[in-house]
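Below: the structure, in structure tokens.
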Amino acid sequence: MTLPSPQVSTIAAGDTISSLKTNRWILVFSFIFCAYMLFGRLGGLALISPDEGRNAEVAREMSQSHSWLVPTYDGLVYLDKPAFYFKTVALSFSMFGESEGVARLSSAFFGFSLLVAVFLFCRKMYDQRTAILAVLIVATTPLYIAFSRIVIFDMTLAFFVSSTIFACFLAEECEGKQQIRWYMLGALLAGFATLVKGPVGFIIPTLVIAVFNGFEGRLGAMKRAFALRNWAVFLAVVLPWFVGLSLLRPDFPYYGIMRESIARFSTTEFHRTAPFYYYAPIIAATFFAWSFLLPESIIAAWQQRKRWSRADRLFVVWAVVVVLFFSVSQSKLPGYILTAVMALGILTARVFAAALNNDNGRAARILRHGTIPLLLLSVIAALVLGAIAFNPELLKNMLTSRHESLKLFMPAFLPLALSFGIVAILSISALWARNSRLILAAFMSFPVLLLTVNFDVLSIYAQTRSSRNLAENIPATLPPATELVCMLCLPNGLPFYLKRLVTVLSTAGDELTSNYVIFSLHSGKPWPEGIVPIGQWHDWLATRTHPVYLIADKSLLTVLKSIAVERGVDITDLGSNYLAVLLPAPTGN
């Protein structure tokens, strides 16, 4: 046995210290990068209808009324989802003021927190390089970026669901008191997941862990997971909310369990049906551009399935179970598979980690093969967008009247073309150099460019789907006592931007985009204040003793004209396809 010389030992120690410092800076940069992807220019977009405008207003009303148990939307009880997420947004409003960026702060916070959880889990089960790659890939996935940057429940739910699964997995990697603590933490997190979006908060982690442990042959694991102490923790979180809300709103147990959960999963009444294969193209689009790597990666992984680690098997089961569960469901939306896309991101990080360790191995070949379609798509997109940018008539000739709004994006076509050109240059450079790091840069580049160079594309899209312009066009000089009334409409987000409630003249409450409001209006009870049956609008209008600012869609122009002629007032065009008339208070009031 020969011992190394002191000089060699010193050099080796220096290399190790240098490597540690480099890794530390890479880690810091990675999280700064992820923070920008989720928090950067968070308030730069208008609230998008229908979800953002509605959810922001529910939280605003909660922060104003301090009704932390029973949410309201435009003054009407809103029980479509539990109050937890609204509380987080309401608390943000209380601390930082009411704005679009603050409304999105909660989603961004939980999105970043989930990246931290992914990093810690992957570092423990794999290594630091894989953990860093995992957060970079997940943070540049379109679905993850989107749901971290909009006012919606899915990212908060994803954090608690994923953390529950991580905790239950780690519990079985330990013994004794440590195992008990992990399972109790999992129960706590499952409780909070349930407070975010109802039963799906515990159903998904239960299915993933049950199927995973079944394949692992650890049938006793579920008995440990459902120990009485864990039930006690879970119920201690969920029951106070459920019982308290049920006492205040006795119709909630039936609605929450039978209508919002069981009926949503098993019936088509919520109008979110899609074919069983719905999530195949959704994954291809929302996991772009990483989805180019999936076909060959899946084949290679299956061929080497005997070499999967336990954590690999968890993420495979996780992705498959979530996609299959929601494929069977009659209600389908892209956000439902958010955690499955995250699991695919971690598995993709495993491919990149293997390629970085061996530029001539199979993983590196998979990356190069996946870069070819990225290159082709980028070249085609750059050429087409560039041609349209320099000759706008090409687009105008192709558009029908139904697609006129696409003309708004014309100024963004040249930056988009340049961005796809950058992706193409990075792709061809990576293929030429056979360099896996450059391939990583090529795949990450477009999401980065979308939030920097091409941010105007998102801004224009948000403007076309928001009520911000409409709110800005409503005169600020209206008499103080004026009541705002929407006839057969309620532009989502209008109450939020106006910081006031809007009376709605409605047929069945559909304008509020709330299944609970529709359910409660069909209960046979008198309609609550703030929403008026459209058949009674003449009589109701006659009871108003103050000015009324009546807003309607342009399709109701004839109705507004008759009102304007009768009252001797003018019709105002508010843009955004809306008209309005100001009806003064009756004389003598």
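Just so you know, all these numbers are worked out from the coordinates, no wet-lab data involved. Bear in mind the structure is a predicted one, so any value in this text is a computation, not a measurement. Note that we place each Cβ from the backbone using ideal geometry, even for glycine, and neighbour counts take in every protein chain shown.
When the Cα positions of Leu374, Tyr578, Ala301 are compared along the charge dipole of the chain, Ala301 comes out farthest toward the positive end, with charges on each C-beta of Lys, Arg, Asp and Glu.
For the range 167-183, putting each phi into the Karplus relation 6.51 cos²θ - 1.76 cosθ + 1.60 with θ = phi - 60° gives couplings of 5, 5, 5, 5, 4, 7, 8, 10, 9, x, 5, 5, 4, 4, 5, 4, 5 Hz, in residue order, rounded to whole numbers and with x for Gly and Pro. Directionally averaged projected area (the range 469-583, Cα convex hull): 7.2 nm². With bins 10 Å wide beginning at 0, the percent of Cα pairs of the range 106-354 falling in each bin runs 7, 30, 38, 21, 4, 0. The residues packed around Ala476, meaning those with a beta-carbon under 14 Å from its beta-carbon, carry a net charge of +1 if Lys and Arg are +1 and Asp and Glu are -1.
The string of couplings for the range 102-117 from the Karplus curve (6.51, -1.76, 1.60, θ = phi - 60°) is 5, 4, 8, 4, 4, 4, 5, 4, 6, x, 5, 4, 5, 4, 4, 4 Hz, one whole number per residue in order, with x for Gly and Pro. Near Tyr73, the amide H atoms lying under 5 Å from its own belong to Tyr78; only residues 5 or more places off or on other chains count, and H is placed 1.01 Å from N. In the range 80-142, Cα pairs under 8 Å separated by at least six residues give a relative contact order of 20 percent.
Length available on full extension from Lys306 to Glu566: 0.36 nm per residue minus the Cα-Cα distance, which gives 85.6 nm. Counted by neighbouring Cβ atoms within 10 Å, the residues Glu566, Glu216, Glu511 run from fewest to most as Glu566, Glu216, Glu511. If you take the square roots of the eigenvalues of the alpha-carbon gyration tensor of the range 50-196 and sort them as a ≥ b ≥ c, do you get rounded (a/c under 1.5), prolate (a/b over b/c) or oblate? Oblate shape, in that a/c is at least 1.5 and b/c is the bigger or equal ratio.
Go through Lys87/Lys525; Lys332/Lys499; Lys197/Lys332; Lys124/Lys177; Lys81/Lys499; Lys332/Lys525 and tell me which ones have a Cα-Cα distance over 25 Å in this structure. Pairs exceeding the cut-off: Lys87/Lys525; Lys332/Lys499; Lys332/Lys525. Label-to-label distance, Arg123 versus His522, with points set 7 angstrom from Cα along the beta-carbon direction: 5.1 nm. Here's how it looks for Val532: its modeled amide H is under 5 Å from those of Val504, Leu505, Ser506, which are all 5 or more places away or on a different chain. As an exercise, find the ratio Rg/Rh for the range 517-589 from alpha-carbon atoms, using the Kirkwood inverse-distance average for Rh. Checking Rg against Rh, the ratio lands at 1.02. Under Stokes-Einstein, with the Kirkwood radius over Cα pairs as Rh, the value for the range 290-390 at 20 °C and 1.002 mPa s is 138 µm²/s. In the chain, helical runs assigned H by DSSP with n ≥ 4 each contribute -39500 (n - 2.57); averaged across all residues and rounded to the nearest 500, the mean residue ellipticity at 222 nm is -20000 deg cm²/dmol. In the range 113-206, the convex hull through the Cα atoms has an average projected area of 6.1 nm², a quarter of its surface area. Segment Leu376..Arg500, full-extension length gain: 39.6 nm, with 0.36 nm per residue of separation and the alpha-carbon distance subtracted. Working note: Debye formula, equal point scatterers on the alpha-carbon atoms of the range 362-464, no solvent; log10 I(q)/I(0) at q = 0.13, 0.15, 0.18, 0.23 Å⁻¹ is -0.53, -0.66, -0.85, -1.13.
For the range 496-542 and the range 422-457, write down the distance between their C-alpha centroids in whole Å. After rounding, the separation between the Cα centres reads 50 Å.
Taking the range 419-536, how much of its Cα-Cα pair set, in percent, is spaced more than 23 angstrom apart? Across the range 419-536, Cα pairs with separations above 23 Å total 56 percent. Our summary of shape: the Cα atoms of the chain have principal axis extents of 109, 68, 45 Å, ordered from largest down, in whole angstrom.
Peptides 170-178, 442-450 ranked from most to least packed, by the mean per-residue count of other Cβ atoms within 10 Å: 442-450, 170-178. Per the Debye formula on identical point scatterers at the alpha carbon atoms of the range 98-150, with no solvent, log10 I(q)/I(0) at q = 0.17, 0.23, 0.25 Å⁻¹ is -0.54, -0.80, -0.88.
In order along the range 460-469, phi translates into HN-Hα couplings of 5, 4, 4, 4, 6, 10, 10, 9, 4, 4 Hz, rounded to whole numbers, per the Karplus curve 6.51 cos²θ - 1.76 cosθ + 1.60 with θ = phi - 60° and x for Gly and Pro.
In terms of packing, defined here as the mean over residues of other Cβ atoms within 10 angstrom, the peptides 50-60, 489-499, 243-253 line up highest first as 50-60, 489-499, 243-253.
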